Each structure stands twice: as C-alpha cells, then as structure tokens.
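Report on the following structure.
The values are calculated or read from the model by the stated rules, or taken from the named source; none is laboratory data. Computed from a predicted model, the values in this text were never measured in an experiment. Because the Cβ atoms are built from the backbone with ideal geometry, glycine has one as well, and the counts that use them run over all protein chains shown. Heads up: the accessible areas ignore ligands, DNA and RNA and are worked out on the full protein's heavy atoms, side chains in. Shrake-Rupley method; radii C 1.70, N 1.55, O 1.52, S 1.80 Å.
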Amino acid sequence: MGSSTRLAIRGGDPMVPAGTVQPWPPVDEIDREMVLASLQGGKHTFGPNCTAFQDEFAAWNGNRYAITTNSGTAALHMGVFACGCGAGDEVIVPAYSWSSSATCVLQHNSIPVFVDIDYDTMNIDVGRIEAAITHKTKAIIVVHLHGLPVEMGSVLQMARKHGLKVIEDACQAHGAEYRGRKVGTFGDCAAFSFNQNKSLCSGEGGMFVTDDDELRQRAQMLWSFGETRAPVEARDYHAYAMGWMYRNNDLTAAFGRAQLTKLDGYLAQQTENALALHKELQGVPYLILPRVPEGMKHNWYNYVIRFDLRALRAVSERWASVQPSAARDRLLDAIVAEGVPLTVWQRFILPAMTVFQAKNGYGQGCPWTCPYGQQVDYAVERYPVAQAHCDTHACMVMALRAPNGPDVARALGRGIRKVMENVSQIW
Ligand SMILES: Cc1ncc(COP(=O)(O)O)c(C=O)c1O
C-alpha cells in the first residue's frame, strides 16, 4: 500500500495538514473600529448601534421592521407569541432541526406537531403538512435548513387555505433565496441567528423581522418585559403582558453591523467554496451529495452529505453489523483523522429529544394535558425519513467560510475522497 493511500487511522499521513483551515469569522479594522467606538460611546444597553443594526438588517433583507435580539431562539419565541399561539394551540414543525425550532413553541404553552422531512432537500416535507393540520393548528414553522429555502409557494397556499400563520426559521439561511426573493420575507415573520456558527456572526444574537405592524408591536412587547414602548421611547415601566428580556446590547450590535457590511462578500465566498467541494466530491463512492432544486438559491451555510450505507453493505457485511449511526461515526473518525473537520450536525431528531419523549415542558403535563391541551404522539417511528437522514449524515460548517478559499475546500474534498476510496482499511 502506498503512503498516499494508507489512511491516517492506519498510520498514513493526514491528507490535510494542520493549520490549513482558518477560523471564522475574519475580524478586521472595520470590526475593531465599530466595537471600540461602541465601547467608548458609553451607551452599553440598547444603544444607537442597536437601532442602526435593526434598520440596516431590515434594509439588507427587504423587511419593513426588524427587532434586534440576544439570540435566534428569542426571535423565534417572539414569532410564536406575535402570531397568537397560546395554551394548547398546535404549531407544525419539521421533525429535524435545531431544538429551539420546536421548544420555542413550548415556551408559549403551545404544542409542537412534527412533520417528517423530505430526503432530498432535508427540509419539511411540504406534501405531508396538510395531513397534520387540525382545528387546533395556529401556525407552521418552516426551517430553511442548512441554508436551503423551503418550497414556500406550497406552504403559503396551504396556510392561506387553512387560515394559518407562517413563521420562517431563517436562523441558518441569511441571503438564501426562493424564486429570486430572500427568505424571511415570505411568512408573517421570521427569525435569524447571529451566533458564531452563522454566516453573520456577532458572537451571540438574532433578529426578528416582519412587515406587519401589529406583529411587530406584539413581538416587541414580549421582547422587553411586557412593555408596550420601545426602550428608545419614554417608558412607563409597566408590564402589560408576560414579557422576557430578549434585547440586544450595543457592543454586540456594533460587531453585527460591522460584519453586515461584509456579509455579501462572505456569502459569495462560502458559495464558491461549497461548489468547489461539491465538484471535488463528484464520483466519490458511497456518498450522496446535496442537491439544489430549481428556483432555490442555497446560501451553503452547511454542506451536508449522506453516506450510502446500502451500497457499502453490498460490498461488505461488516457495514451491516453495526447501527447506521455507528457505521457513519466510523467513517467520520477516519475522515477527521485526515485533517478534515467533518462533523455530525444533529444526533437526534426532534421528537426523540427527552423534552418531547418525557413531555416535561412546563411540568405537570403542560401543555399536553393542561385543560386546553391534548396528547400528541411523538413516537420516533413516525418520522423514518428524518431518522434515516440523521443517522447517516455528516457536514462541513465553518471550514467553508471566509477567509478560506476554494483551494482549502478542494483539499478537504481530497481528504474525504481518500477515505471513501479506501473504505476496506476501516475495519
Ligand atoms: C435552525 C436553527 N434555529 C434556531 C437556532 C437558534 O439560534 P440561537 O442559537 O441564536 O438561539 C439555530 C442556531 O443555533 C438554528 O440553527
């Protein structure tokens, strides 16, 4: 066996030398100047950078209103409340996403109803949504997962037919487009996240966006202590309703504003890198590569592959001797040893998470057995596509971002290729 084909887990040289991948996000003079100016500005709570960040993000995305928050989860919870979801109301959610795409529903004592995903897009299977609608359904949360837009035409048509609100979880999907329009402009409202993984990073943070003034006002009330006035207006410090403290602070907003000036460039770079990796992986055995349906612009927040375990089993029975997720992990360990930061994005589908299996939301059965609630079945077998995807996927997140270029993406692809062309060395 030549040294170039001996896998690193078998003592060969790693394909990608340490130090090849640069960390995300790049920080330059613009960031330093804006954050320092905020620090020296003396207004550290909801300051001038917060209002400016709202205006600039709304303009960038094409929304009338934006409210800056301390997380994407906060923005999702604001959406649930703004859309009028309350005790016992049902909200439709994809069975595979980040936990808070669904726990934001519980936060308002509403009940998530899961719908399986579509294998090709990894997004909610829009063809299954209608069957999940009951007289209790109030809203649909769609998640533009990994940066690929959901088929919004069908979702909006169904929502109109049944009088439902639509909340877009665009936490991963900055700049993704459906039929030429940015996500976050289709539903009644949307949430974005700016944590460090995201294509726009302010450390932590998020944005609630809407075009509807009534929704903006309701969201703002929940955002700031149940008050009816924004912090920049004269306040009466009166809680008119349940409220949280979801506001952003000036330093974080300054960082977010600085990064926003570079966002279009970052998105172009991560797209170029993802396409370079995609090209490098063409023809690599035992991989199922992502696919972008017509009319969609992926932002390539996350490049997700699936291992074709069926094809591997046809070659060797050993691949069938362990659980699919264990077989995936074995491949992953070999790829990581080559210096490729491939990772698992989620190890559990949403209904399998303890909060739903144990139904330990607000305690004492709430919201499911509170007087307004009802039981829903979270049996994992009801979501076979999400489970199959979850068990066999692997992904590349920040390594495909600036300042890394397509040369890095191609090197990472070569590391994956080396392992997949030499799988016989794995056992
Ligand atoms: C799809 C999705 N929804 C919601 C969130 C929550 O965002 P945050 O971490 O800013 O609360 C995230 C990210 O963590 C996410 O990826």
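Residues of region 276-305 that are under 18 Å from the mean Cα position of the chain (by Cα) and either over 22 Å from Val397 (Cβ atoms) or not aliphatic (A, V, I, L, M) (or both): Pro290, Arg291, Lys297, His298, Asn299, Trp300, Tyr301, Asn302, Tyr303.
In this structure, is Ala239 away from the ligand (no atom under 16 Å from the Cβ) and either of a type in the set (A, V, I, L, M, F, W, C) or open to solvent by less than 10 Å² (accessible area, probe 1.4 Å) (or both)? Step through it out loud before you land on a result.
Values: away from the ligand (no atom under 16 Å from the Cβ): yes; either of a type in the set (A, V, I, L, M, F, W, C) or open to solvent by less than 10 Å² (accessible area, probe 1.4 Å) (or both): yes.
So Ala239 fits the description; yes.
Taking the criterion of being touching a Phe, Trp or Tyr at 6+ places or on another chain (Cβ under 8 Å), more than 13 Å from the ligand (Cβ to nearest atom) and not small (Gly, Ala, Ser), would at least one residue in region 157-166 satisfy it?
Filtering region 157-166 down to residues touching a Phe, Trp or Tyr at 6+ places or on another chain (Cβ under 8 Å) leaves 166.
Still in the list and also more than 13 Å from the ligand (Cβ to nearest atom): 166.
With not small (Gly, Ala, Ser) added as a condition, the list becomes 166.
Checking region 157-166: at least one residue is touching a Phe, Trp or Tyr at 6+ places or on another chain (Cβ under 8 Å), more than 13 Å from the ligand (Cβ to nearest atom) and not small (Gly, Ala, Ser).
Has region 175-185 got at least one residue that is over 16 Å from the mean Cα position of the chain (by Cα), in a loop (DSSP other than H, G, I, E, B) and surrounded by fewer than 19 Cβ atoms within 10 Å (Cβ to Cβ)? Even if it seems obvious, please write down each step before you answer.
Of the residues in region 175-185, the ones over 16 Å from the mean Cα position of the chain (by Cα) are 178-181, 185.
From the residues that got through so far, the ones that are in a loop (DSSP other than H, G, I, E, B) too are 179-180, 185.
Still in the list and also surrounded by fewer than 19 Cβ atoms within 10 Å (Cβ to Cβ): 179-180.
Within region 175-185, one or more residues are over 16 Å from the mean Cα position of the chain (by Cα), in a loop (DSSP other than H, G, I, E, B) and surrounded by fewer than 19 Cβ atoms within 10 Å (Cβ to Cβ).
Inspect all residues belonging to region 75-82 and state whether any of them is open to solvent by less than 10 Å² (accessible area, probe 1.4 Å) and more than 16 Å from the ligand (Cβ to nearest atom). Yes - at least one qualifying residue is present in region 75-82. Of the residues making up region 149-161, those that are in a helix (DSSP H, G or I), open to solvent by less than 70 Å² (accessible area, probe 1.4 Å) and of a type outside the set (Ser, Thr, Tyr) are Met152, Gly153, Val155, Leu156, Met158, Ala159. Leu289 falls short on exactly one of the conditions (1) in contact (Cβ under 8 Å) with a residue 24 or more places away in the chain; (2) among the aliphatic types (A, V, I, L, M); (3) surrounded by fewer than 17 Cβ atoms within 10 Å (Cβ to Cβ), and that condition is (1).
For region 176-199, the criterion of being among the basic types (Lys, Arg), touching a residue at least 60 places away in the same chain (Cβ under 8 Å) and within 15 Å of the ligand (Cβ to nearest atom) is met by at least one residue. Could you tell me which residue of region 35-74 is farthest from the ligand (Cβ to nearest atom), considering only residues that are of a type in the set (A, V, I, L, M, F, W, C), more than 30 Å from Lys138 (Cα to Cα) and in contact (Cβ under 8 Å) with a residue 40 or more places away in the chain? Per the stated criteria, the residue is Ala37.
So if I check each of Glu204, Glu233, Glu227, which one is in contact (Cβ under 8 Å) with a residue 12 or more places away in the chain and more than 15 Å from the ligand (Cβ to nearest atom)?
On the way: Glu204 fails: more than 15 Å from the ligand (Cβ to nearest atom); Glu233 fails: in contact (Cβ under 8 Å) with a residue 12 or more places away in the chain.
Just a single option satisfies the conditions, and that option is Glu227.
On inspection, Pro14 does not qualify as assigned to a loop (DSSP other than H, G, I, E, B) and under 17 Å from Thr261 (Cβ atoms).
So, in region 302-342, exactly how many residues are among the basic types (Lys, Arg) and open to solvent by 60 Å² or more (accessible area, probe 1.4 Å)?
Residues flagged as among the basic types (Lys, Arg) and open to solvent by 60 Å² or more (accessible area, probe 1.4 Å) within region 302-342 amount to 4.
All conditions but one from (1) among the acidic types (Asp, Glu); (2) in contact with a Ser or Thr (Cβ under 8 Å, 6 or more places away or on another chain); (3) under 17 Å from Thr121 (Cβ atoms); (4) away from the ligand (no atom under 15 Å from the Cβ) apply to Asp169; the one that does not is (4).
Listed here are the residues, each with its yes/no results for (1) closer than 28 Å to Pro112 by Cα; (2) touching a Phe, Trp or Tyr at 6+ places or on another chain (Cβ under 6 Å).
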site: Tyr301; (1), (2): yes, no
site: Ala311; (1), (2): no, yes
site: Val322; (1), (2): no, no
site: Arg328; (1), (2): no, yes
site: Asp333; (1), (2): no, no
site: Glu338; (1), (2): no, no
site: Leu342; (1), (2): no, no
site: Phe348; (1), (2): yes, no
site: Pro351; (1), (2): yes, yes
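Can you spot a residue in region 262-271 that is part of a loop (DSSP other than H, G, I, E, B), within 16 Å of the ligand (Cβ to nearest atom), open to solvent by less than 10 Å² (accessible area, probe 1.4 Å) and closer than 21 Å to Met122 by Cα? Let's see the steps before the verdict.
Start the filter on region 262-271 by keeping residues that are part of a loop (DSSP other than H, G, I, E, B), which leaves 262.
Filter again for within 16 Å of the ligand (Cβ to nearest atom), leaving none.
Taking every residue of region 262-271 in turn, none turns out to be part of a loop (DSSP other than H, G, I, E, B), within 16 Å of the ligand (Cβ to nearest atom), open to solvent by less than 10 Å² (accessible area, probe 1.4 Å) and closer than 21 Å to Met122 by Cα.
When you look at Ala394, is it under 30 Å from Ile124 (Cα atoms) and outside any helix (DSSP H, G or I), yes or no? Yes.
Of all residues in region 236-254, those that are in a loop (DSSP other than H, G, I, E, B) have Cβ atoms under 6 Å from Cβ atoms of residues that are small (Gly, Ala, Ser), 6 or more apart or on another chain, in Ala239/Gly226; Tyr240/Gly226; Ala241/Gly226; Met242/Gly226; Gly243/Gly226; Tyr246/Ala74; Asn248/Gly205. Of the residues making up region 112-146, those that are away from the ligand (no atom under 16 Å from the Cβ), in a helix (DSSP H, G or I) and buried (at least 20 other Cβ atoms within 10 Å of the Cβ) are Val126, Ile129.
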